[in-house]
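Before any comments, here is the structure.
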Amino acid sequence: MLGLAFETAVPHLISARSLIPNLIVILAVDLGLRHHGVVPAIIAFGMGYATDALAGSHPGLNAFMVTLVFLVSYEFSSRLLVTNAFVGATIVFFGVIAADLGAIAIGSGLGALGESGPMVPSILLRAMISALVAPLVFSVLAGSKRLVGLPARAARE
Amino acid sequence: MRGTFLWRNRVLLTSGALLILSLHLISTGVHPGDFAARPTSIFLEIIRPIDAGFKHLSAGASGIVNDYLALVHVREENVHLRIELARVKSDRARLAELETENRHLSELLELRDVLGLNAVAANVIGSDATGVSHTLILASGESNGLRPGMAVLSNQGVVGKIIAVSPHAARVLLIDDHNSALDGFDQRSRARGIVAGLVDDGLILKYTDRSEDIRAGDTIVTSGLDGIFPRGLLVGTIKYVHREGPGLFLNVSIAPAVEFRGLEQVLIVTQPPPHIDDQVKG
């Protein structure tokens, strides 16, 4: 919820929206990479649905995209031998692009993607900044998890 | 249990079910009062005080922090004086902020009097969580009489409409969002069209016949036919008209009258606009 509060309050205070990392996608990637189970999938969906409450006009749209990002992260984590911060940052980079373009495509139809050309630089910038911030967020989350006794590393099946 | 197909693929199956649920929500939509709309209201309520706190902090804290940092390492005899100066500066900044807010609210009150409709003012405390859509979060909700579908205005013109409410917060879909549309017309030529938002920033006038006399610089106002916005409210000014290319309709771009990013207070029309016949007579 703090991540969402950050995402809604800060853009209203500063003009450069692209400079604000997509914390929800970063959290979804962390869940997919490190927590393999039914509950993390539901948490990812819940985070997306919470985002829907504060973004856009189609409830379910962000829930879909965040769950998809979680699922892709989970699949990468299940198949790769190493899931370090670089892998996480790479997934975050593509996850932010997919989430933004997917939200436009699902919300307004595939035709709207053609109009989104001017938005691509800002989406790419946001994806890059999110990817740069992601390792820091992962380490903060890992530290927090250790504090409360949760597993901080990938739980392989 | 652990070796079964269901257990081995539990994450995939759960995620798949949740994806299908999401698609179902997108395709059917969530109506106010639905069970699926309750989380929206709860999340808005939780976010409201945090966003309001962010706004309050940003308004007052920067001056205090700067003054405080300037006080570090100064001589002992200057400390009290500088603290006092910082307090006065902070008070002055707060007063300037209150003065600005007062001016905005006075302008909104004037607008309400001109409209002759019941309306309430609300503070803007946040914006869209993703940035892909164009929405705002208001610090007023159902307890202030706000309901989904109500028109939101500023002293500059039309802002948008309310799409979700909680007891103490509401969300506004701005008219420049790509999912927004309202009925408008050219004030000079009376040519009608649908004012719609773009994925990127900006507005366009859709479904305006090629034979219509529309020029750059013309003013677009609401028609009142959509049953949401009262007739005659300023939407924007035409930037350019492209008559070239195929198609039945004109390609018209509009510059919005409202500077959406700088909005601090807005006016919400709590009473449905009068029937179009009454508006035209009035």
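Which of the residues spanning the stretch B:164-189 are aliphatic (A, V, I, L, M) and surrounded by 21 or more Cβ atoms within 10 Å (Cβ to Cβ)? Answer for the stretch B:164-189, where residues must be aliphatic (A, V, I, L, M) and surrounded by 21 or more Cβ atoms within 10 Å (Cβ to Cβ): B:Ala164, B:Val165, B:Ala169, B:Ala170, B:Val172, B:Leu173, B:Leu174, B:Ile175, B:Leu182.
Table: residues versus (1) part of a strand (DSSP E or B); (2) of a type in the set (A, V, I, L, M, F, W, C); (3) over 20 Å from B:Val258 (Cβ atoms); (4) in contact with a strand residue (DSSP E or B) (Cβ under 7 Å, 6 or more places away or on another chain).
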| residue | (1), (2), (3), (4) |
| --- | --- |
| B:Gly149 | no, no, no, yes |
| B:Ile162 | yes, yes, no, yes |
| B:Asp177 | no, no, no, yes |
| B:Val199 | no, yes, no, no |
| B:Val221 | yes, yes, no, yes |
| B:Ile228 | no, yes, no, yes |
| B:Tyr240 | yes, no, no, yes |
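Being of a type in the set (Gly, Ala, Ser) and at the interface with chain B (Cβ under 9 Å from one of its Cβ atoms) is the requirement here; does A:Ala105 meet it? For A:Ala105, the condition - of a type in the set (Gly, Ala, Ser) and at the interface with chain B (Cβ under 9 Å from one of its Cβ atoms) - is not met. B:Gly149 falls short on exactly one of the conditions (1) surrounded by 14 or more Cβ atoms within 10 Å (Cβ to Cβ); (2) within 14 Å of chain A (Cβ to nearest Cβ); (3) small (Gly, Ala, Ser), and that condition is (1). Between A:Leu125, A:Leu132, A:Leu141, A:Leu113, the distinction of being surrounded by fewer than 23 Cβ atoms within 10 Å (Cβ to Cβ), facing chain B (nearest Cβ under 10 Å), of a type in the set (A, V, I, L, M) and assigned to a helix (DSSP H, G or I) belongs to A:Leu113 only. All of (1) free of Cβ contacts under 8 Å to residues at least 24 places away in the same chain; (2) closer than 22 Å to B:Leu136 by Cβ hold for B:Glu264 with one exception: (1). Residues in the stretch A:64-96 that are under 10 Å from the mean Cα position of the chain (by Cα) and farther than 20 Å from A:Val39 by Cα were compared, and the one that is nearest to the other protein chains (Cβ to nearest Cβ) is A:Val96. The numbered conditions (1) out of contact with any Ser or Thr (no Cβ under 7 Å at 6 or more places or on another chain); (2) at the interface with chain B (Cβ under 7 Å from one of its Cβ atoms); (3) at pLDDT 85 or above; (4) closer than 17 Å to A:Ser130 by Cβ are all true for A:Glu7 except (3).
All conditions but one from (1) modelled with pLDDT under 80; (2) farther than 15 Å from A:Ala53 by Cβ apply to B:Asn9; the one that does not is (1).
Take the conditions touching a helix residue (DSSP H, G or I) at 6+ places or on another chain (Cβ under 9 Å), facing another protein chain (nearest Cβ under 10 Å) and among the small types (Gly, Ala, Ser) and apply them to B:Ala170. Does it pass? No, not satisfied.
Residues that are part of a loop (DSSP other than H, G, I, E, B), small (Gly, Ala, Ser), buried (at least 24 other Cβ atoms within 10 Å of the Cβ) and in contact with a Gly (Cβ under 8 Å, 6 or more places away or on another chain): does the stretch A:56-69 have at least one? Yes, because at least one residue in the stretch A:56-69 is part of a loop (DSSP other than H, G, I, E, B), small (Gly, Ala, Ser), buried (at least 24 other Cβ atoms within 10 Å of the Cβ) and in contact with a Gly (Cβ under 8 Å, 6 or more places away or on another chain).
Each residue in the stretch B:203-217 was checked for being buried (at least 16 other Cβ atoms within 10 Å of the Cβ) and either free of Cβ contacts under 8 Å to residues at least 24 places away in the same chain or within 23 Å of the chain's Cα centre (by Cα) (or both), and 3 of them qualify.
Filtered by the rule that a residue be crowded, with 18+ Cβ neighbours inside 10 Å and either acidic (Asp, Glu) or within 7 Å of chain B (Cβ to nearest Cβ) (or both), the stretch A:18-47 gives A:Asp30, A:His36, A:Ala41, A:Phe45.
The values are calculated or read from the model by the stated rules, or taken from the named source; none is laboratory data. Keep in mind that this is a model prediction, so the values were computed, not measured. Cβ: placed from backbone, ideal geometry, glycine included. Neighbour counts: every protein chain shown.
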